[in-house]
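Here the structure comes first, spelled out in C-alpha cells, and everything after it is commentary.
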Amino acid sequence: MNPITLVLLAVLLPFTAALSQQKDTVYIQPNQVNTKVLIQGTHRWLVYFKMGADSPRTMFNIWSRHIERKKYEGRDAIEITQVWEDKDSIMHTTRSVSDAKDFRSLFHQSWWRQRGSVSFNFLTGEAMMNDKKITAADTVARIKSIRRGFDTAVQQYTLNWHLDLEVFPLLPYQHNRTFMINFYDPGYAQPKWVAYTVTGSGKLPGLDQQLVDCWLLEHNDNNNKEVFWISKKTKEVLKLEQQFGKMFRYKIKLPFSL
C-alpha cells in the first residue's frame, strides 16, 4: 500500500467511524409507519409504582387494550379499546379509532371515573364533554384550550399519545435513530413534537428461560426518563421503566390475557 493511500486511510477511517455513531433524526410522516405489525386481540399490562428505588411496589393497575380491524365511516380502520382497572374498580376507559394505513386519528372517546367523558371526531371536527359540545365560544379557559388544541390537531398529521403502546411498534427502528413524533392527546394541550431515541438493544428474560431481543427506546423530559423495551420480533412494547424524581413507574406486558 503506497504512502498516499495510508495517509488517506488515517484521515478517513476516524471520520467514517464518527459518522457511524451519529444519530439520525426522523420526523415521522404517514409513509413511515407500518400498521401491519399490530397484533389483533386483547393485550394486558401490569402497571405499578415504587416511591423509591428500594421501596415496595404500590398503586397497581391492570391495563387491557383490545385491537381490532374494522370499518369506520366507510374507511379501513383500527379500533383500540382500553380498560384500566385499579384494585377494585374500573378507573378509565377509551375507544380510539385510527386510519388503518397511517394510524392518524379518526375518533377518540374517553371516560375517567372522576372527570366524566370526552369525545373527539376528527372527521367532522365535533368535540363533546359530558354530552355537551365544546365550541370556540366557550368562556372557560380550560375548555377553550381543549378546543384550540383539537382544532390544531385536525389540521395536522398527528398520532394519538394515548396509544403510545401501539404507536411505538409501528416505527422504523435503527440504532442511534431519534424519532420525532407529532403526538396529540385528545382533550389536553396542543400537538407536540416529542423525541424518542433508540439508545441500543437489550435482552429481556421471558418464559422458559428465553431471552427476548429488544430495542431500547428512550425519552427524557423535565426530570422524567422513560425506557421502553420493544421486541424486535413481534414489535410489542414488553416493558417500560420510568423515573421521575425519586419515584419509579413500570409497565410489564403480561404473557397471557384471560
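Please treat every number below as a calculation from the coordinates, not as lab data. What you see is a predicted model, and the numbers here were worked out from it, not measured in a lab. Cβ sites come from the backbone with ideal geometry, for glycine too, and all protein chains shown count toward neighbours.
Only lysines eight or more places from Lys36 in sequence, or on another chain, were considered; those with a Cα closer than 25 Å are Lys70, Lys71, Lys101, Lys203, Lys232, Lys233, Lys235, Lys239, Lys251, Lys253. Once the mean of 1/r is taken over each pair of separate Cα atoms and inverted, the chain shows a Kirkwood hydrodynamic radius of 20.4 Å. Given a 10 angstrom Cα cut-off, can you work out which residue in Ala137, Ala189, Ala153 is the most mobile in a GNM of the chain? Per the Cα network of the chain with a 10 Å cutoff, Ala137 tops the list. Taking a point 7 Å out from the Cα of Ser55 in the direction of its Cβ, the residues of the stretch 216-256 whose backbone N falls within less than 20 Å of it are 221-227, 240-252.
Estimated from helices alone, the mean residue ellipticity of the chain at 222 nm is -4500 deg cm²/dmol (sum of -39500 (n - 2.57) over DSSP H runs with n ≥ 4, per residue).
Restriction of the trypsin sites (Lys or Arg not before Pro) in the stretch 54-137 to DSSP coil positions whose beta-carbon has at most 14 other beta-carbons within 10 angstrom yields Lys87, Arg113, Arg115.
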